[in-house]
1. Please work out which one of (1) without any contact (Cβ under 8 Å) to a residue 40 or more places away in the chain; (2) crowded, with 19+ Cβ neighbours inside 10 Å is the condition A72 fails and give its number.
2. Based on what the data block shows, is Y338 among the aromatic types (F, W, Y), over 22 Å from I248 (Cα atoms) and at pLDDT 85 or above?
3. Within the stretch 1-26, how many residues turn out to be touching a residue at least 40 places away in the same chain (Cβ under 8 Å) and closer than 18 Å to V89 by Cβ?
4. Using the structure shown, decide if G158 is in contact with a Lys or Arg (Cβ under 8 Å, 6 or more places away or on another chain), surrounded by 21 or more Cβ atoms within 10 Å (Cβ to Cβ) and not acidic (D, E).
5. Residues that are charged (D, E, K, R) and without any contact (Cβ under 8 Å) to a residue 60 or more places away in the chain: does the stretch 208-215 have at least one?
6. Looking at (1) open to solvent by 40 Å² or more (accessible area, probe 1.4 Å); (2) free of Cβ contacts under 8 Å to residues at least 60 places away in the same chain; (3) under 27 Å from L18 (Cα atoms), find the lone condition where F65 falls short.
7. Can you tell me which of (1) open to solvent by less than 60 Å² (accessible area, probe 1.4 Å); (2) at pLDDT 85 or above; (3) among the small types (G, A, S) is the one A163 doesn't meet?
8. Six or more apart or on different chains, Cβ under 9 Å: which pairs go from a residue in the stretch 115-136 that's on the phi > 0 side of the Ramachandran plot to one that's surrounded by fewer than 21 Cβ atoms within 10 Å (Cβ to Cβ) and at pLDDT below 85? Could you list them?
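The values are calculated or read from the model by the stated rules, or taken from the named source; none is laboratory data. The shown structure was predicted, so the numbers you read here are calculated from the model rather than taken from an experiment. Every residue, glycine as well, gets a Cβ built from its backbone with ideal geometry; the counts of neighbours run over all protein chains shown. Calculation scope for accessible area: heavy atoms of the full protein, side chains included, ligands and nucleic acids excluded. Shrake-Rupley method; radii C 1.70, N 1.55, O 1.52, S 1.80 Å.
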Amino acid sequence: MSPEQLGLVRIFIAAAFLLFGGMYHFEWMGEFPPVFFHPYPSLASFFHHFPPLFVLHIFNFSIPFFAVMLLAGYKTELASYGFVISFLVCYSFAWAFGQINSTILVPLFVLLMAHSGWGSRYSMDAYLNKDGLRSNETRSFLVNYLAMFIAFAYFTSGFIKIAGGWLSPSSQATYGYMITNYYVTQRMALLAPFLIHFHSKWFWEAGDYFTTIAEVSPLLTLLYPRYFRLSLFCVATFHVFVFFGLNISFGYYPLLLTMFIVDWKQSLIIKRILDFFDKHLASFFRPANWYWFVAIYVVYMVVFYLRGYSSWLNGYAVEVTVALFVTYMLLGVFYVEYIKLNGWFFNSRKQAEGKI
């Protein structure tokens, strides 16, 4: 990937977090007594209870602060590490309730990209440290490690399903999970009232197999880019089904998969976006425009706290729906473009070019 492409990824991820993923308040943890506190090995395991309320408010301010620094590309490596540390410290307490979920992919993504040079273009650093740009241009190999870790993360989820008997035809684990969510957790998703009365054994068994295969396939196809892209698209499709069927939102986290579905060498969409940035937006990241990013942070925090105390701004369900819809549309557009550029699953690129 070129420095321009990495810069686009940085802006895209930071903006997506601020728009869709950053509206999580953490002061709610202060309301729970220590009996709920069972941390995994992490910073939280050195404590016996949740942090004081003022510390949780610091988390509320720190994570968006580093996200805005990433958006501006100001001291990008420092901002990346600050975002990761703040995120992991905060969520080490949030995960003390017993579940580590897909949010772990966010700090992992930023951590591995911190030293990639994604602050070399479209950033304040590009103006402040022009002599250091050339050394950053050769670090995009870290994307390979990122693909490996994301594939392994999904594999851990799929492998435990296989070990737990999800592929056994004698039971339909997906249907059992839906019943639990519907009657116990009270998750009334869009399709749940219909699906809860749909008793086809073959349908739910197919759901068990699709879920399991979708989660283990990224690791199995890691060395084959064409099939790796397909596996990630299947994972994103699984996220959509889970949201509409079980009302479990993955928020904007599937956006991280877009990085691997895009054909960075040939994508006409990316080329046009970069041309637009070069012509109209590159100068926006000059240090002289620092006040715009301060304004973004201030407005963000005002909305952040108004949302916590005002019902008219409390639209979390709408937000995650929009985030997932935008995610899947982007993944779909880039995956279709990849197929057009490279052919279908078993066609060579030369055959595909001949057809085009």
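1. That leaves (1) as the condition not met.
2. Taking the combined requirement at face value, the residue satisfies it.
3. 5
4. Against the criterion (in contact with a Lys or Arg (Cβ under 8 Å, 6 or more places away or on another chain), surrounded by 21 or more Cβ atoms within 10 Å (Cβ to Cβ) and not acidic (D, E)), G158 does not qualify.
5. yes
6. For F65, the exception is condition (2).
7. A163 satisfies all of (1) open to solvent by less than 60 Å² (accessible area, probe 1.4 Å); (2) at pLDDT 85 or above; (3) among the small types (G, A, S) except (1).
8. G117/L133; G117/S135; G117/E137; G117/T138; G117/R139; G117/S140
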